[in-house]
Amino acid sequence: MSVNRSLSRRDVLLGACACCIPKLTRAATPPPSQTLATDEVASGIYFRRGVDEDATPANDGAIANIGFIVGRDAVAVMDPGGSLVDGQRLRATIRKATSVPIRYVVMSHVHPDHIFGAGAFTEDKPEFVGHALLPNALAQRGEYYRLHLDQILGTGRSGPLITPTMLVKEQDQIDLGGRVLQITAHGNAHTDCDLSVLDRQTGTLLLSDLLFVRRVPSLDGSLKGWLAELTKLKSLGARRAVPGHGPTGVEWPSASRDLERYLDTLQRETRQAIAKGVDIGQAAKTVALSERGKWALFDDYNGHNVTRAYKELEWD
Amino acid sequence: MGLNKPTLLAVMLTGCALLTGGHPVFADEEADQDRAARWKQLQESLFPHRQVLDSGGIITVDAPPRALDAALVPVELHMTGKTAVKGVYLVIDDNPAPMAAHFVFGPTADPRDLKLRVRVNAYTNIHAIAETQDGQLHAATQFVKAAGGCSAPAGPDDTAALADMGRMKLRLMGDFNAGKPMQAQLMIRHPNFNGMQMNQVTRYFTPARFIRTIDATYDGAQVFHLDADISLSTDPVITFGFVPRAKGQMKVVAQDSNNATFAHSFDVPGTPPG
């Protein structure tokens with residue numbers, strides 16, 4: 001590298017901006033002791049619906065569906081939330097609902113809107129459960145996510161990075177006392193580190209971002225892999241599912257229809273674009289437009305999804 | 001809100017460690033005069049004692065003003081073809097290694113259109129500089145909003161990326177007519193580790209290993225020679241023009257920074273499908 005860029009000025013800029021954001025936002029933010037409104041999607045399974053937005057100071061990063069499962073001896077959290085305060089409110093909600101100890105915090109994948117609340121649960125000394133590839137993904141991205149989320153929410157408000165303590169390679173179980181949850185580590189799908197949880201007792205699948213409802217899916221793993229994992233998930237016999245975004249409880253497997261239609265369309269039209277010699281930039285503007293209007297935030301994510309799909313499929 | 005939405009999306013979906021010290025988010029607030037000063041500095045170091053003229057209609061550069069994926073920003077270079085061009089440089093001003101690519105065209109090239117995919121690390125100007133046969137430099141500029149592309153992970157699995165390394169595809173774009181210029185798309189499997197990606201397991205940075213040169217020859221005559229650097233995207237894809245004969249062979253030789261050589265010959269026009 002022949003020319004050095006001055007870093008100091010940028011650092012100063014960063015410092016200046018980081019300290020003015022919280023002043024604008026903190027006053028309006030409700031306290032961490034505030035509880036969340038949750039739905040009981042199945043007996044003993046409670047979920048808060050995230051808003052269909054991206055993280056802002058006004059929503060505290062509370063954009064994903066997060067919740068908990070109560071057993072006789074233990075509570076399992078999945079996911080811990082989109083920011084420290086989101087996690088703190090989830091914890092306050094659990095503590096109000098039950099005195100059963102929080103023994104497990106399932107971190108469904110690496111994306112910040114699902115896992116930055118994990119720091120709120122460290123005092124419970126739970127097992128933090130993650131996909132075997134989650135530590136890798138966190139090593140690559142975690143600090144970067146934290147800095148960016150801090151810039152949105154205010155310095156220190158994103159939350160600490162928590163490393164999983166219990167890794168799932170293929171499948172594992174956690175016993176909440178009379179309630180055994182089956183945890184599956186999936187192949188490359190929404191991301192390369194997706195976990196799902198099956199509660200056999202109620203036939204409920206907690207899918208996090210393996211299932212999007214109403215909010216446009218985001219592809220950060222493998223398109224073909226995601227479709228393959230959905231096929232497997234549909235055959236498990238579960239009757240209800242909890243998506244990572246959208247309504248807290250949906251019928252399974254019928255609720256996968258829209259997602260599969262979107263991913264199929266993305267795959268088919270991206271392949272057509274590749275076959276016709278439409279280049280990647282042009283494809284991003286033209287593929288899957290029939291899906292526009294069917295999803296919240298479509299324009300914000302579809303072009304990126306096409307780029308990812310194109311990169312994957314052009315080598316077939 | 002201190003961060004505009006598309007930038008957050010790029011961060012969410014691309015994901016990357018913050019390794020450059022600078023923070024890309026606020027780079028758009030950088031005054032135009034700072035960018036101009038940087039470009040001046042770059043000209044002096046990249047083209048010492050030479051004058052870089054404006055594009056003069058000889059070259060244009062086209063890239064999405066707001067990149068969808070900072071690790072894969074499609075860039076197109078167009079030259080009118082009225083002025084004979086010897087080669088073209090692509091400079092990404094604010095990347096850690098700004099000189100992204102230098103193409104030198106051979107006798108069988110059609111140098112009017114080039115496409116490639118690059119990593120962009122921060123909000124930056126991209127300069128495309130055509131070098132005419134008489135040695136004049138003409139630059140076109142495009143500002144691109146993207147961040148974090150240089151340190152974005154190459155893929156979920158470094159080992160798998162290395163195993164498939166060197167695989168190539170050549171696609172002819174459009175109709176084949178002997179003697180008429182046409183476009184071809186060259187794809188090379190290569191992780192193009194630029195030394196800024198962290199190895200997931202060891203938490204050490206994956207050592208740089210990237211395509212340094214590509215030579216394309218058609219029936220023994222040069223189409224182009226490319227000197228590349230760490231800014232090409234993973235699995236480089238280059239679309240270029242050439243003038244085919246009724247039957248011939250396109251030979252591609254790529255060499256990476258570990259001195260590994262990958263060579264492949266393609267029949268052009270190749271066997272018609274079916």
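The values are calculated or read from the model by the stated rules, or taken from the named source; none is laboratory data. Not measured: the values here are computed from a predicted model. Here Cβ is always computed from backbone atoms with ideal geometry, including for glycine, and neighbour counts include all displayed protein chains. Heavy atoms of the whole protein, side chains included, go into the accessibility calculation; ligands, DNA and RNA do not. Shrake-Rupley method; radii C 1.70, N 1.55, O 1.52, S 1.80 Å.
Here are the numbers for this structure:
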| read-out | value |
| --- | --- |
| Output for the stretch A:203-239, where each listed residue is acidic (Asp, Glu) and in contact with a strand residue (DSSP E or B) (Cβ under 6 Å, 6 or more places away or on another chain) | A:Asp209 |
| The one condition in (1) outside any helix (DSSP H, G or I); (2) surrounded by 15 or more Cβ atoms within 10 Å (Cβ to Cβ) that A:Asp258 fails to fulfil | (1) |
| Index of the failed condition, A:Ser6 passing every other in (1) outside any loop (DSSP other than H, G, I, E, B); (2) modelled with pLDDT under 95; (3) not acidic (Asp, Glu) | (1) |
| Complete set of residues in the stretch A:271-316 that are at positive phi and buried (at least 21 other Cβ atoms within 10 Å of the Cβ) | A:Ala288 |
| Qualifying positions in the stretch B:72-86 - under 14 Å from the mean Cα position of the chain (by Cα) and more than 14 Å from chain A (Cβ to nearest Cβ) | none |
| Subset of the stretch A:192-211 [modelled with pLDDT of 95 or more and within 14 Å of chain B (Cβ to nearest Cβ)] | A:Cys193, A:Asp194, A:Asp209 |
| Residue tally, condition in contact with a Gly (Cβ under 9 Å, 6 or more places away or on another chain) and of a type in the set (S, T, N, Q), over the stretch A:167-197 | 2 |
| Residue among B:Gly135, B:Gly195, B:Gly155 that is modelled with pLDDT of 90 or more and open to solvent by 10 Å² or more (accessible area, probe 1.4 Å) | B:Gly135 |
| Subset of the stretch B:78-132 [modelled with pLDDT under 95 and among the aromatic types (Phe, Trp, Tyr)] | B:Tyr123 |
| Scan of the stretch A:113-129 for residues that are within 20 Å of A:His245 (Cβ to Cβ) and either modelled with pLDDT under 95 or in contact with a strand residue (DSSP E or B) (Cβ under 8 Å, 6 or more places away or on another chain) (or both), ordered by number | A:His114, A:Gly117, A:Ala118 |
| Any hit, the stretch A:221-229, residues being buried (at least 20 other Cβ atoms within 10 Å of the Cβ), within 12 Å of chain B (Cβ to nearest Cβ) and part of a loop (DSSP other than H, G, I, E, B) | yes |
| Residue ranges of strands (runs of 3 or more DSSP E) in the stretch B:26-102 with at least 2 members surrounded by 19 or more Cβ atoms within 10 Å (Cβ to Cβ) and without any contact (Cβ under 8 Å) to a residue 60 or more places away in the chain | B:73-79, B:85-92 |
| Qualifying residue in the stretch A:236-248 (condition: open to solvent by 50 Å² or more (accessible area, probe 1.4 Å) and part of a strand (DSSP E or B)) | yes |
| Condition check for A:Leu266: in contact with a helix residue (DSSP H, G or I) (Cβ under 7 Å, 6 or more places away or on another chain), closer than 30 Å to B:Asp175 by Cβ and open to solvent by less than 20 Å² (accessible area, probe 1.4 Å) | yes |
| Given (1) open to solvent by 20 Å² or more (accessible area, probe 1.4 Å); (2) farther than 28 Å from A:Glu40 by Cα; (3) at pLDDT below 95, index of the condition A:Gly178 fails | (2) |
| Conditions (1) surrounded by 17 or more Cβ atoms within 10 Å (Cβ to Cβ); (2) of a type outside the set (Gly, Ala, Ser); (3) at pLDDT 50 or above; (4) in contact with a Pro (Cβ under 9 Å, 6 or more places away or on another chain); number of the one not met by A:Asp39 | (1) |
| Breaking point among (1) at pLDDT 95 or above; (2) under 29 Å from A:Glu143 (Cα atoms); (3) of a type in the set (Val, Ile, Thr), for B:Val75 | (2) |
